[in-house]
Every structure is written in C-alpha cells, then in structure tokens.
1. For segment 95-211, list the strands (runs of 3 or more DSSP E) that sit wholly inside it and hold at least 1 residues that are among the polar types (S, T, N, Q) and within 19 Å of the chain's Cα centre (by Cα); which are they?
2. Please determine, by comparing only the residues of segment 1-53 that are of a type in the set (Asp, Glu) and within 22 Å of CYS375 (Cβ to Cβ), which one is modelled with the highest pLDDT.
3. Please state which one of SER255, SER267 is open to solvent by 60 Å² or more (accessible area, probe 1.4 Å), polar (S, T, N, Q) and more than 17 Å from LYS176 (Cβ to Cβ).
4. Could you check how many residues of segment 234-245 are within 17 Å of ARG151 (Cβ to Cβ) and in a strand (DSSP E or B)?
5. Would you mind stating whether VAL150 is at pLDDT 85 or above and among the hydrophobic types (A, V, I, L, M, F, W, C)?
6. So which residues in segment 189-210 are open to solvent by 70 Å² or more (accessible area, probe 1.4 Å) and over 25 Å from GLN229 (Cβ atoms), if there are any at all?
7. Residues that are in contact (Cβ under 8 Å) with a residue 40 or more places away in the chain and not polar (S, T, N, Q), at least 3 per element: which strands (runs of 3 or more DSSP E) completely within segment 246-363 meet that?
8. Could you tell me whether segment 73-92 includes any residue that is part of a helix (DSSP H, G or I) and either in contact with a helix residue (DSSP H, G or I) (Cβ under 9 Å, 6 or more places away or on another chain) or within 19 Å of VAL336 (Cβ to Cβ) (or both)?
Amino acid sequence: MDGTLNSTHSTNLGSSGRPLPDNLLAEILSYLPAKTFFRLLSVCKTFRQLSSDSHFLLSQSYHNNVISGFFPHSRDFSGPFCLVDPYAGVPRSSLEFLFRKGNIVGSAGGLVFVLHKKDASLRVYNPVRGTRCQLPSPPGKYCKWGGIAVRFLNDGDGVTKSYRLVYLSRYPVRSKLHRCQVYDSSARVWTMDKELDFGRLELHLEHPVICDDVVFWASSDSFSNEIDQCVVAYDVRKERTQIIPLPKEAAVARSDTIGIGMWEGKSLCLMHYETCTWVIGLWLLRKTNDGPPGWVRAHEVSLGQLGFRQPRNVSCVLLREVAMTTSLVFTVESEVYSYDIKDGELLKDGELKKLGSLGYSSPLLIPYSNTLRPCGEEEELFVDKRREVE
C-alpha cells in the first residue's frame, strides 16, 4: 500500500476506550525505533500494512533520525555492532551479511552503504528491514578507500524521500588527488565524477559532516610533516574548496586525535584529544562581523577527571544529539564511551557510559540510525527481518 491510512482501528488504544483513527495511530507508531515497531507486527493487520506504507516508513525515519548505534569501520576486521539505544538494534543475520559482502563506507538516515568485494558495486541496505538496492554504476570505477556523505532532500510534503550522495575516495598511491563522485537518488544518475586536489592531506573520509551543499572533512595528518592539520570544506554545487585552519590555541600535535561534528545542528564542532593532557577540547566555528569564521573554545572533558588513571589511546571522537542533550562519544583503546552535555553545558555529575567493546585497538566508528527508510524504488529483500526482532 502507498499513502496514509484513513480508516479506524479496532484496537482500543484511546483513553476513552474508543478505537483510534488509523492515521493518528500511524503518527504515534512512527516515533518508535524500527526494532520496537517490528515487535508489534503480529498485533493486527493494520500494523502489518504500515510496514509497507511508504509515507509511514519515511515519517518513521524522520522521527528516528538519531544515532542509535555504531558500526566498526575497518578494512580487515568486522567487529560487533555497538548499541546505544536499547530499544533499537540490528538483527545479527543482517550484520553478518553486511560484513561478509564488503566494506561499509557510510551510513545515513538508517541506510547503510556497502562497497561489495566481489564486483566493486555500491549498494544501499536497510539492515533492520532486510532490504537493499544497487546503485547505478558511475562513469568510472569506484576507488576502494573512501567515505560517503548523504544529504536528504525535502520533497515538499514534510518527508525526505530523495537524497544526494557524495562519495569521496583517495587513490591507493600517495597522490595529491581525491576522487569526488555525486549521486542523485531521485534521478538515479551520477551527476559528478571529478578529481579534486587537496594537496597531500590525509582526510578522515569515514567521518564527513554535511551542511546544505557543503561537505567537511578533518585531516588526520599529511604525508609531509610540513603540512598542518586542518578542516577541508567542499561546496558540491559551486565546486569550490576551502581550507579551514585549526585554532592555533589548540596546538594539535601529530599524536593527537581530531574529529568534527555538528553542534546543535547548526555549528561545525571540532573535537581535539590532546594526548599529553588526556583532555578532549570542543571548539565551535562561529561567524564574525568583519572577517572569516573563527574557532571558539566551548568545552573540555578531562579523561583523568572521568576516572581514567593512565594515558590512553583515543582513536575516534564523535557527537551524538538527542533532544537537548549532546553526547560526546569516544573510543579508549578498544572500548567505546559516551559523556553527556545538556543544554550546551557539561554535566558536573554527568554519567560516563561504557557503550561496548569492539575487540581490537584503535577502532573507528560509523554512526547508524534505526529507521525504516526505503532503500529506493527498486529495493529487494535479502533477509526477512520481520521474523527476527532480537
């Protein structure tokens, strides 16, 4: 079925004992994580109908577009899924299938993008629905090592059905060039395939940040010791590159770890773990009245004050936002932790949460949202997830 439901439902869920109209029931259910919703499919026929209603699937993905877990990102190892929301989750069979098929190069809005090992094709999966769709081949082949940024586009009815995908990859040799390929899901065509010269920067391709038409990447280091770390911004529409220097006060050393994210959905945030002090500093990029944007130090989190007793290797720092709370997510050795920042302020008695252990040191993480978003017009089942709601 396609479109919203208009009848009434026989289950008495209203406070007065009267049946709720199906459109109101669908609105309420759209706030549930995908895993929780699948547990309700056996309740009645209407719930089963909703699982294939495109408007409901998109509404649910809109209401649940928050990070519910993390995929490990490694070229040689497929570790366990790191769950944040206990009411969300991905069936084990889907995880095993994804890791067996290829490398996860990105995830957005509940969709997981996998570069297949066998034929180097790029496919999009919804692991909780057990569906997938193969993207058309671009004009040239994909480069193996890359990362994906996705911007969902509002189709005018309050949902975001189509998206624009930016796949940035680097050549395997030490080249100044990166390859930028852009895909339009509504037209099902690749609209760009060009080489970009970012110098000899080594970018965090697995952790892009997208804001409107601009994609940001942090540089981890460079092939030359003479090149400072920075943030690279690329405007896809204008095809223009900007290099944003890191704040001088941060004094980023080569042994430090940096990451970027969106702060409260509107400001670019730089996260800098200083190895010698065990402190994670948070810097916000703010506009100025008469000059280019500048970095403002907003917060700092000391691992020593959180209870860690010796210098630790932090390989990944990310942000996760839910309502008015921002969580700083970071890895320490092989373990993943989070610490909450509420209403823009560090919680003095905030709880340090251990989210899981990935089983290998220096892990990188790819965020995942537990949604029902369709993969595309030509999606197909690869596993029946309705029978597996573990």
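1. In segment 95-211, 102-108, 122-126, 131-134, 162-170, 177-184 are the strands (runs of 3 or more DSSP E) which contain 1 or more residues that are among the polar types (S, T, N, Q) and within 19 Å of the chain's Cα centre (by Cα).
2. Residue satisfying both the conditions and the ranking: ASP53.
3. Every option except SER255 fails the conditions.
4. 3
5. Yes: the conditions hold for VAL150.
6. Answer for segment 189-210, where residues must be open to solvent by 70 Å² or more (accessible area, probe 1.4 Å) and over 25 Å from GLN229 (Cβ atoms): just THR191.
7. 257-263, 267-274, 279-286, 294-302, 317-322, 325-332, 352-357
8. There is at least one residue in segment 73-92 that is part of a helix (DSSP H, G or I) and either in contact with a helix residue (DSSP H, G or I) (Cβ under 9 Å, 6 or more places away or on another chain) or within 19 Å of VAL336 (Cβ to Cβ) (or both).
The values are calculated or read from the model by the stated rules, or taken from the named source; none is laboratory data. Source: prediction; values computed, not measured. We place every Cβ from the backbone using ideal geometry, glycine too, and count neighbours over all the protein chains shown. Please note that ligands, DNA and RNA were not included when accessible areas were found on the heavy atoms of the full protein model with its side chains. Shrake-Rupley method; radii C 1.70, N 1.55, O 1.52, S 1.80 Å.
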